[in-house]
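The structure appears right after this line, and notes come after that.
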Amino acid sequence: KCSASSVNECGKYVRDTSKLDEATKKWQDKDIFQLSRNINVAFIAQCVLRDYVTGILNTLRANNDDWHLLVLYQWHSVLSAADAQWMEDSLKTSSPEKTIEDVGLKELRTLAEEHTEALNRKEPRHWTFGGLQRGPDGHFDDFQLAELIKDGIEEPAHAFGAYSIPAAFKAIDKMGQLRARNVFQVCTMNEFRKYIDLKPFETFLDWNSNPEVAKAAEELYVHVDNLELYPGLLAEESNSSALGSGLCPGHTIGRGILADAVSLIRSDRFLTHDLNVYTLTSWGMSQLKPQPGAYGGMLSTVLFRALPGAWPFNSTYGLFPFYTPPAIREIMHANKKEELYNFERPASDMAVRGIKSFEACKNMFLNRE
């Protein structure tokens, strides 16, 4: 396996560390760590730009922290049915005497305390989740991890908008709104729209054309300028699915999260000025290239490397993890690329054969059949 130290591109690392004094050993260890960290951070940044932003914009068809931005990411409305059911089952187990609609902050705190207490009884390296069990070496089973990821890929997200938050999250969203109002003291919906250069709403129907939703908000806030940011974002009318709108949030959320993601990248010197071969080495920069066939996506690289026996080279499960199989099939059909991909759920225990010599690699390319 290649690494920054084994490639030793600049020739500045000594492989036989027994020849080094203690100070040089510490310097070399720190330098390798910093280089590797910068490469990993750059890789994750590419995931944000190429997978996260692409998912928001649906383009496969063709500097500062701010409390206000935290409200943008209260996305309980888009949780899958399986995630919502997990929360509901957890609340029923913790407070069996209560119906889901009656669960309040007290019951939510009880559930959180129970989970915290259960975790505190074990060291973090012994924690588990989703019914998974660790092996003697402390690792999870690759097969189980792959199956869990594939289950998630097949689960479609719910839609943004009013009346979309699962009942089990009522107490959580109540707590979120109180925090936004009393702790963070965030601005109103229209003030936030001005902040990100969007036109303020003039009426509640501009905000949401559903008369029932608009009327309910008007009875609470009287004028649209008084509309709080938290409910304003969550209940804003969502965009229709089209090029440039894949996640289909409300226009304000979509504009805000894109601005936040791009701003965080552009304001980090390691992801802009220092994103070059001099800082990261040529080998490091080569690790930031997208997987072939992934339309520029980067997460597929992580999946193929971490779980190589779980994905064929052309599996849409591995190449497009942000898209459900029916959705990506429709997109590839429109792109006239359907025959190039495998849309079936792959096995998670396929045998992997390694090629470890130049001659073997050469023969593989000469005899591809």
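In this structure, residue 15 does not satisfy being at pLDDT below 80 and in contact with a strand residue (DSSP E or B) (Cβ under 9 Å, 6 or more places away or on another chain).
Take residue 115 and tell me if it is under 30 Å from residue 259 (Cβ atoms) and either among the polar types (S, T, N, Q) or at pLDDT below 90 (or both). It is false that residue 115 is under 30 Å from residue 259 (Cβ atoms) and either among the polar types (S, T, N, Q) or at pLDDT below 90 (or both).
Residues checked against (1) outside the structural domain of residue 187 (by TED's automatic domain parsing); (2) within 22 Å of the chain's Cα centre (by Cα); (3) closer than 30 Å to residue 196 by Cα; (4) of a type in the set (Asp, Glu):
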| residue | (1), (2), (3), (4) |
| --- | --- |
| 85 | no, yes, no, no |
| 103 | no, no, no, no |
| 110 | no, no, no, no |
| 147 | yes, yes, no, yes |
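Any residue in segment 310-320 that is among the small types (Gly, Ala, Ser), loosely packed, with under 15 Cβ neighbours inside 10 Å, within 30 Å of residue 34 (Cα to Cα) and within 22 Å of the chain's Cα centre (by Cα)? Walk me through how you get there before you give the answer.
Applying the first criterion (among the small types (Gly, Ala, Ser)) to segment 310-320 yields 310, 315, 318.
Filter once more, keeping what is loosely packed, with under 15 Cβ neighbours inside 10 Å: none.
No, segment 310-320 contains no residue that is among the small types (Gly, Ala, Ser), loosely packed, with under 15 Cβ neighbours inside 10 Å, within 30 Å of residue 34 (Cα to Cα) and within 22 Å of the chain's Cα centre (by Cα).
Selection of first residues in segment 133-162 that are farther than 19 Å from residue 238 by Cβ and of second residues that are part of a loop (DSSP other than H, G, I, E, B) and among the charged types (D, E, K, R), restricted to Cβ pairs under 7 Å at least 6 apart or on distinct chains, gives the following pairs, ordered by first then second residue: 135/141; 143/349; 150/345. Kindly indicate whether residue 270 is surrounded by fewer than 17 Cβ atoms within 10 Å (Cβ to Cβ), touching a helix residue (DSSP H, G or I) at 6+ places or on another chain (Cβ under 8 Å), farther than 30 Å from residue 327 by Cα and of a type outside the set (Ser, Thr, Tyr). For residue 270, the condition - surrounded by fewer than 17 Cβ atoms within 10 Å (Cβ to Cβ), touching a helix residue (DSSP H, G or I) at 6+ places or on another chain (Cβ under 8 Å), farther than 30 Å from residue 327 by Cα and of a type outside the set (Ser, Thr, Tyr) - is met.
The values are calculated or read from the model by the stated rules, or taken from the named source; none is laboratory data. These numbers come from a predicted model, not from an experiment. So basically every Cβ, Gly included, is an ideal-geometry build from the backbone, and we count neighbours across all protein chains shown.
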